[in-house]
Amino acid sequence: MSGVEPNIFSNYREWLNREKMPKGKKAALVAAMELFSETGFDGTSTVQVAEKAGISQATIFKYFHTKQDLLLAIVKPVMQHLFPAYRDDFFHGISACETLPEMVSFIVTDRYHFIKGNEEAVKILATEMLTNAEMRQLFGKLVVTNNFNFLGELMNNFRRTGQLRDDIDAAGMIRILAGQLMVYVVQANFAPDIVKGEEEDLQIITEQVVRTISK
C-alpha cells in the first residue's frame, strides 16, 4: 500500500456531504438514490427525482446528461470503494488472521458493514447488475484492473495460509466475495423470509466462500 487515503470513504451520504458541488446536483443525487432503491431505476422518472429533490428537471439534465449518468454517479463511488485499496486497518485485521477461514470471516464481516452503511446504493448496484450490461461491464473492469493494491495484498495474505486453491486468482476471489454479499443484500430486501438473521447468515456465507476457495 502506498499510504492512507485522506478521506476514507465509508458512507455515500457522508461522502456526498463533504463533496464540493452545487446544491441542486447534490439534491438530485440524494433524491435519485432514495427513489432508485425504493422503486427501481426503470420505475423512477427524472420528473419524480426532480420533484423529490425540489429542483427542476432541467437542473437534473444540466448536471447529468442522461438518467443513466445519474445512476452511475450514485453507484460508481460505492463500487470503487467496495474494495478498500488504502485501508491500513483492514489489512492489519487481515494480517492478524492465521487461517483461511479466519481471513474470510474477517473480510465478510468488514465488507458487510461497509455494504450496510451504503445499503441504498448497493441495493441499486446489485439489482442493476442483473439487467444492466453497462453496469456489469463497469464492475468487471473494476475487478480486473491492476490499479488496486488491495488485490495483490489480499491474494498474498490468502496464499500465506497455504490453504488457498491454486486456480483461484484475484478477479475470481473478488467475484466470489462481492457476489455473495451483494446477493445477500438483494435477498434481505426482496425476499426477507428466506434469510435467517445477520449473524447466522454471515457465518453461512463465510462457510460457503471457504468451501469454494479452499484446497
(request) Read phi for every residue in segment 157-163 and hand back ³J(HN,Hα) as whole Hz from Karplus 6.51 cos²θ - 1.76 cosθ + 1.60, θ = phi - 60°, with x for Gly and Pro. (result) 5, 5, 5, 5, 6, x, 10
(message) Below 8 Å, C-alpha to C-alpha, sequence gap of six or more: please give me the relative contact order for segment 1-138 in percent.
(response) 33 percent
(request) Quick one: divide the alpha-carbon radius of gyration of the chain by 2.2 N^0.38 Å and tell me what you get. (result) 1.08
(message) Which entries of K25/K76; K116/K141; K67/K116; K23/K116; K76/K141; K25/K52 have Cα-Cα distances beyond 21 Å here?
(response) K116/K141; K67/K116; K23/K116
(request) Using the Karplus curve 6.51 cos²θ - 1.76 cosθ + 1.60 with θ = phi - 60°, work out ³J(HN,Hα) for each residue of segment 97-113 in order, rounded to whole Hz, and write x for Gly and Pro. (result) 7, 9, 10, 4, x, 4, 5, 4, 4, 4, 5, 4, 5, 4, 6, 5, 5
(message) As an exercise, identify the GluC sites (Glu not before Pro) in segment 18-114 lying in DSSP coil whose Cβ has no more than 16 other Cβ atoms within 10 Å.
(response) E19, E98
(request) Let me know the charge dipole size of the chain about its Cα centre in debye, to the nearest 20, where only the beta-carbon of Lys, Arg (+1) and Asp, Glu (-1) is charged. (result) 740 debye
(message) Give me the percent of accessible area attributable to carbon and sulfur for segment 43-111, probe 1.4 angstrom.
(response) 53 percent
(message) Quick check for you: with a 1.4 Å probe and neighbouring chains kept, what is the accessible area per residue of segment 79-215, in Å²?
(response) 49 Å²
(request) Work out the charge dipole of the chain with +1 on the Cβ of Lys and Arg and -1 on the Cβ of Asp and Glu about the Cα centre, then indicate which of L130, Y184, I194 is farthest towards its positive end. (result) L130
(request) Please report, in debye to the nearest 20, how large the charge dipole of segment 24-91 is about its Cα centre when each Lys and Arg carries +1 at its beta carbon and each Asp and Glu carries -1 there. (result) 260 debye
(message) For the ranges 104-115, 59-70, what's the packing order if you count other beta-carbon atoms within 10 Å of each residue, average per peptide, and put the highest first?
(response) 104-115, 59-70
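The values are calculated or read from the model by the stated rules, or taken from the named source; none is laboratory data. In this text, all values refer to a predicted model and were calculated from it rather than measured experimentally. Every residue, glycine as well, gets a Cβ built from its backbone with ideal geometry; the counts of neighbours run over all protein chains shown. Surface accessibility is based on the protein's heavy atoms, side chains included, excluding ligands, DNA and RNA. Shrake-Rupley method; radii C 1.70, N 1.55, O 1.52, S 1.80 Å.
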